[in-house]
Every structure is written in structure tokens, then in C-alpha cells.
Amino acid sequence: MKRLFPIIVCAVLGFSEILLAQQDLDFHFAYRPSAFEAFRRNVDRVTIVSPEPFLVDASGVIYGELEPKLVKLAKEQKIKIMPQVKNANPAKGLFERDWVRQIVNNKKVKERVIASMLEICRRYGLYGIQIDFENVHVDDRDAFTAFCRDAAAALRKEGFKISVCAVHRAEESAGPNTYTKWMMEEWRGGYDLKALGEVSDFIKIMSYGQHTRRTTPGPSQGLPWLEEVLKYFLKYVPPEKLSLGITMSGARYHTVADTALYHINARSWSNGVSLTEAESLLEQYGGAPLQWDDRQKVLYGYFERGGVFEWLIIDNDLRSLDAKLELVRKYKVKAINMWVSGGENPGLWDRVRSFKYE
């Protein structure tokens, strides 16, 4: 009878469901040097650490280096290291569309990038590489897919893994306005999710940025929007190959004068803010305490400064995290990824450690 019970359970529930219930949630730690202590303290719960030191330019030259103490700790604790390679231009603080276009359409440049990724994997003894190419134009969609396919073949030949970052998306069409049209052309439409899901070992959903410094005030990932994004990706990629982006942060939306970037001299803007900083601002300027939005699962508030309202949107709250983890459980997503700053509610790690799929 001791051997019979598991067999009966598997027959009733399905073998894959039993395996899933027994598995831990994979935690992909998107790493920046300021978060080393958070990584060190919680390394037992990290599956993959993904630092972002490697940048690539239009010539396909990759430069950067991994932090020695990060590599040492990760290898001591047997944590997989999968750094990102980005088409980011630090001089401008943005992702370069034309650099991607050159990399994916020029055979020599493409070969140079792939060769460099292999060399980096060998040098550091990595688990693999994460491709974080953003501002990919819709016209470069097929060429980007072909680049990822070639990179995957080369990496796998030597035993390395590959993952691809994809910008959030929740619908097939370009959406209702010029902003959503621009997002489709420049940011969302360049990812063939079905093909990339087949090519890569997993897809990292950059499921944050619902509202940004370019938009009206709002959450980085309100819960209804986050669920729609996840459901869209699941049409093309199975849940065991998805890593859902989770945020525990906050933003302050305000107005700035910016003659260099905006032709009529002033614009809305936002910057990151901690929960403590948000509460301090509300106290300083006489704003009401933060309120809980139970639909979006975020805290929000505002205060008046110089006759203009400034808005605070905060999801560094365990109620927000619990709601997002419930989506992971509901759709049986294998992994979550998070840019950890160290300022997250410490209950984050308790939630991740105790997470169960059933």
C-alpha cells in the first residue's frame, strides 16, 4: 500500500501536476551592483542571477566585465549565471534601434556578436547568455528571430543556454492611439513570441512599464494589465518557458522644465521612489496618506507642490506581491524575474520561499 498511494494520486491528478506541486518557484535575480547584499542574504532562493554589464554596439563589439565577488559567490552557491547583453547606449541613456538593425541584418556583425557571446561564456564558465535587445523595430522582427536562432545554435553546441527578453504586450493590434501605435512599431512588434519561445530556453517577460516617464501617472504593472500581458504571452509560449517580470518599487510623477528634450519647454516626468521616500514627501507637503487601490493592487497618493499635483504610485507592498504571485500560481508559470534594489519589503523573500503551486 505504501507504493500504491502515489500511483493512485498521479492517476487522478496527472503526473505533471504532481511534479509542478513539488517544484519550487524559480527566482531570476536581475542584478545590479547595488543589490549585492540583497543577493548575498537571499542567495539560497535564487535560481539564476542575471547581471547587466555587457553592452554591444552597431559594430557588434561587446564590452564589459562581470563583478568578481558576484561570480565567486554565485559559483560557491551553485547559482546559474546568465548575464544580459544589451544594445544600450550609456551616452544617451537609451536603447539604440539602429544598432539592433545593423547586428541582425549584417552577417559579419552578427557573427562577431555571437562569437563574443561564446567567448564570454567560456571565460566566466557561465550558464548562458540573456539577449536584451530593446527598441527592436517591427520591420526587423524576422531578422531578430534569425539572429536569436543562430545564437542559440552556437551556444548550445558548446553546452550553454540562451534566453530572450521580450517587451510586454497584451493584444495583436497596435491599440487605440498614437502612443500604442509607436509602442507597437518601435518596441512590441519586433518579437515573434512563438518562434522565440521555440528557439530560447526561456522568455523573460519585461512585464513592467505599463506606465513610464513617457505616460500619464499610473502603476508600473497594475494587476488587470499584468494578467492580460501574461495571457497574451501564454498564447505563444508554454508556462514552463516563461519568466514573469515582477516589480516591488514606486514612482513619483511630476513636471519638469526640459528645453533639450521637449520643444515647448516643460513635460511630465517620473523617477523611482521608495515607500519611505513617498511617505516622507506626503508628510512634507501635507498630502493625505497613501491609499490602497484594490483593483490595481497598488498604493497611490498625491500632494501639491508649486501649485501642481505630484502623484505617487507604489507597489512595494506585500498585498501587491501576493496578488502577482497568485497569477503565477493560477497560470503555473515556472519562474519570476525581478530587478532587486535591496529596498523591497523584506517579506518578499518569505513569500518566495513559501510559494507552492497547489
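Structure values in brief
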{"item": "Members of the range 157-197 found to be surrounded by 20 or more Cβ atoms within 10 Å (Cβ to Cβ) and more than 18 Å from F144 (Cβ to Cβ), listed by number", "result": "F160"}
{"item": "Complete set of residues in the range 22-74 that are of a type in the set (A, V, I, L, M) and out of contact with any strand residue (DSSP E or B) (no Cβ under 7 Å at 6 or more places or on another chain)", "result": "A35, A38, V43, A58, V61, L73"}
{"item": "For R295: the one exception among (1) part of a loop (DSSP other than H, G, I, E, B); (2) of a type in the set (K, R); (3) crowded, with 19+ Cβ neighbours inside 10 Å", "result": "(3)"}
{"item": "Residue that is at positive phi and small (G, A, S), where the choices are G343, G287, G306", "result": "G306"}
{"item": "Filtered residue count, the range 48-79, keeping only those that are touching a residue at least 60 places away in the same chain (Cβ under 8 Å) and surrounded by fewer than 19 Cβ atoms within 10 Å (Cβ to Cβ)", "result": "1"}
{"item": "Subset tally (residues that are assigned to a helix (DSSP H, G or I) and either surrounded by fewer than 23 Cβ atoms within 10 Å (Cβ to Cβ) or charged (D, E, K, R) (or both)) for the range 122-146", "result": "11"}
{"item": "Qualifying residue in the range 247-266 (condition: under 27 Å from T47 (Cβ atoms), surrounded by 13 or more Cβ atoms within 10 Å (Cβ to Cβ) and aliphatic (A, V, I, L, M))", "result": "yes"}
{"item": "Selection from the range 260-286 of residues that are modelled with pLDDT under 75 and hydroxyl-bearing (S, T, Y)", "result": "Y262"}
{"item": "Contacts under 9 angstrom Cβ, first residue in the range 266-285 being assigned by TED's automatic domain parsing to the domain that holds T216 and closer than 11 Å to S249 by Cβ, partner surrounded by 15 or more Cβ atoms within 10 Å (Cβ to Cβ) and of a type in the set (D, E, K, R), 6 or more apart", "result": "none"}
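The values are calculated or read from the model by the stated rules, or taken from the named source; none is laboratory data. Keep in mind it's a predicted model, so treat the numbers as computed, not measured. Reconstructed Cβ throughout: ideal geometry from the backbone, glycine too, with neighbour counts over all protein chains shown.
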